[in-house]
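Here is the structure we will look at.
What follows draws every value from the coordinates through simple rules; no lab data is involved. Source: prediction; values computed, not measured. All Cβ positions, even for glycine, are placed from backbone atoms using ideal geometry, and neighbour counts span all protein chains on display.
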Amino acid sequence: MKRREFITLLGGAAAGWPLAARAQQPAKLPVIGFLSARARDESAHLAEAFRRGLAENGYTEDRNVMIEYRWADGQYDRLPALAAELARRPVTVLAAAGGQPAALAARAATATIPIVAAFSADPVATGLLTSISRPSGNITGVSNLSTVLEPKRLSLLREVARSAGTVGVLINPTFPPSSDQLKDIEESARAIGQRLDVLRAATDRELEMAFETIAQHRIPALLVASDPFFNTRRDKLAVLAAHAAVPAMYGFRDYVVAGGLMSYGIDLPDVYHQVGLYVGRILKGAKLAELPVLQPIKFELVLNLKTAKALGVRFSDNLLSLADGVIE
């Protein structure tokens with residue numbers, strides 16, 4: 001073969017290489033944005049529940065879908081920038097976890113990317129949706145009703161602190177639904193003649209100061225309002241409550257597992273599982289209007305007998321019979 005013919009043949013073959021290479025590249029995977037007001041380490045079991053929901057729709061991380069995680073570590077002012085970053089990427093679907101702060105940040109960041117949120121307050125009352133049954137716009141999700149359960153938590157706490165003249169309420173003023181939480185608690189307290197001592201904390205130092213006040217004033221019982229920042233500090237809260245020797249009520253089982261006395265709320269991993277299911281359905285082509293906001297149907301009371309013994313608290317037979325979980 002002459003040299004000129006060889007070069008021509010080689011050039012023709014080389015021209016086909018990029019096409020062949022492109023043909024062999026895998027298809028671009030859809031990307032899910034996972035935005036959370038909470039922290040990565042303490043939310044590992046919740047992220048796993050989310051991935052289980054995805055898997056039930058045939059999606060596995062790093063196999064046929066990618067997930068971009070963004071964590072605010074309980075610092076709500078970080079959420080808008082994190083949400084905007086995911087929207088610019090852009091992601092195919094945005095999962096907003098960790099309550100109302102993440103849902104609000106996600107909604108502000110995009111009006112086009114589908115959002116599946118875990119709502120901690122009424123999404124219609126807070127302006128995120130106009131309808132629970134048929135969402136309009138680009139957002140739907142699962143409501144955990146956590147912030148509206150405070151009156152029930154107060155009544156259960158009184159079961160173990162019947163003689164408490166005052167009940168402390170720990171609340172995070174930077175949490176968007178906090179004013180409604182406090183209003184509900186105060187209305188419930190007035191109805192039963194219970195005095196309250198409201199303590200506010202949005203930082204680690206403020207948490208420590210709150211418990212210093214509890215110890216100094218000998219506040220006999222404490223209701224810790226539901227809040228993602230508090231969730232990220234549940235181990236710290238359990239230790240502080242033990243040092244202050246104060247019986248405390250929390251919003252989720254995780255607190256009791258960490259050493260807290262008692263909790264009442266929804267099954268939080270199930271909420272994340274449902275969010276994962278909805279995200280998977282959207283990836284498969286479902287429209288948001290076809291996905292009504294899900295409402296929890298199961299609530300659980302969890303008690304810690306070891307902590308009760310250390311605090312000198314006795315759970316009544318009635319409370320024990322109501323408990324869905326008892327940690328010994």
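Do any trypsin sites (Lys or Arg not before Pro) in the stretch 61-107 lie in a loop, going by DSSP, with at most 14 other beta-carbon atoms within 10 Å of their beta carbon, and if so which?
ARG63
Can you tell me which lysines have their Cα less than 25 Å from the Cα of LYS284? Leave out same-chain residues fewer than eight positions away.
Within the straight-line limit of under 25 Å, LYS284 reaches these lysines: LYS28.
Give a residue-ordered list of calculated ³J(HN,Hα) values for the stretch 119-131 (Karplus: 6.51 cos²θ - 1.76 cosθ + 1.60, θ = phi - 60°; whole Hz; x for Gly, Pro).
Per residue, the Karplus-derived 3J(HN,Hα) values read 7, 9, 9, 4, x, 6, 4, 8, x, 6, 9, 9, 8 Hz.
Please state the relative contact order of the chain as a whole percent: Cα pairs under 8 Å, 6+ residues apart? Write out the running numbers ahead of the final one.
Working: 633 pairs, mean separation 64.8, N = 328.
Computed over the chain, the figure is 20 percent.
Which lysines does LYS152 reach when only Cα atoms under 19 Å apart count, and residues fewer than 8 places away in its own chain are ignored?
The qualifying lysines are LYS183, LYS298.
Most mobile of GLY260, GLY285, GLY276 per a Gaussian network model of the chain (Cα springs, under 10 Å)?
Of the options given, GLY285 has the highest mean-square fluctuation.
For the stretch 161-224, calculate the relative contact order in percent as a whole number, restricting contacts to Cα pairs under 8 Å that are 6 or more residues apart. Let's see the in-between values first.
On the way: 73 pairs, mean separation 34.2, N = 64.
For the stretch 161-224, the relative contact order is 54 percent.
Just want to confirm a number: the relative contact order over the stretch 169-274, from Cα pairs under 8 angstrom separated by 6+ residues, in percent.
Details: 131 pairs, mean separation 24.2, N = 106.
Rounded, it is 23 percent for the stretch 169-274.
Taking Cα atoms, how many degrees apart are the long axis of helix 3-24 and the longest axis of the chain, rounded to 10 and kept between 0 and 90?
Once rounded, the angle reads 20 degrees.
If each DSSP helix of 4+ residues adds -39,500 (n - 2.57) and the sum is divided by the residues in the chain, what number results at 222 nm, nearest 500 deg cm²/dmol? Intermediate results must be reported in sequence, preceding the final value.
Values: 13 runs with 144 residues, N = 328.
Result for the chain: -13500 deg cm²/dmol, rounded to the nearest 500.
Please list the non-local residues whose amide H lies under 5 Å from the amide H of ILE327, H modeled 1.01 Å from N, same-chain partners needing a gap of 5 or more.
LEU303, ASN304, LEU305
Reachable aspartates and glutamates from LYS306, Cα under 20 Å, same-chain residues fewer than 8 places away excluded?
The qualifying aspartates and glutamates are GLU159, ASP235, ASP254, ASP317, ASP324, GLU328.
Can you give me the long-range amide H partners of GLY141? Hydrogens built in the peptide plane at 1.01 Å from N, cutoff under 5 Å, separation of 5 or more residues or another chain.
ALA117, VAL293, LEU294
Whole-Hz Karplus ³J(HN,Hα) for the stretch 95-112, in order, using 6.51 cos²θ - 1.76 cosθ + 1.60 and θ = phi - 60°, x for Gly and Pro?
Result, rounded to whole Hz: 9, 10, 10, x, x, 4, x, 5, 5, 5, 5, 5, 5, 6, 7, 8, 10, 10.
First select every other residue whose beta carbon is under 13 angstrom from the beta carbon of GLY325; then total the charges, Lys and Arg +1, Asp and Glu -1.
-3
Given H placed on each backbone N at 1.01 Å, which residues far from VAL198 in sequence or on other chains put an amide H within less than 5 Å of it?
VAL169
Rounded, prolate or oblate for the stretch 157-241? Axes are the square roots of the Cα gyration tensor eigenvalues, ordered a ≥ b ≥ c, and the cut-off for rounded is a/c under 1.5.
Taking the square roots of the gyration eigenvalues as a ≥ b ≥ c, the stretch 157-241 is oblate.
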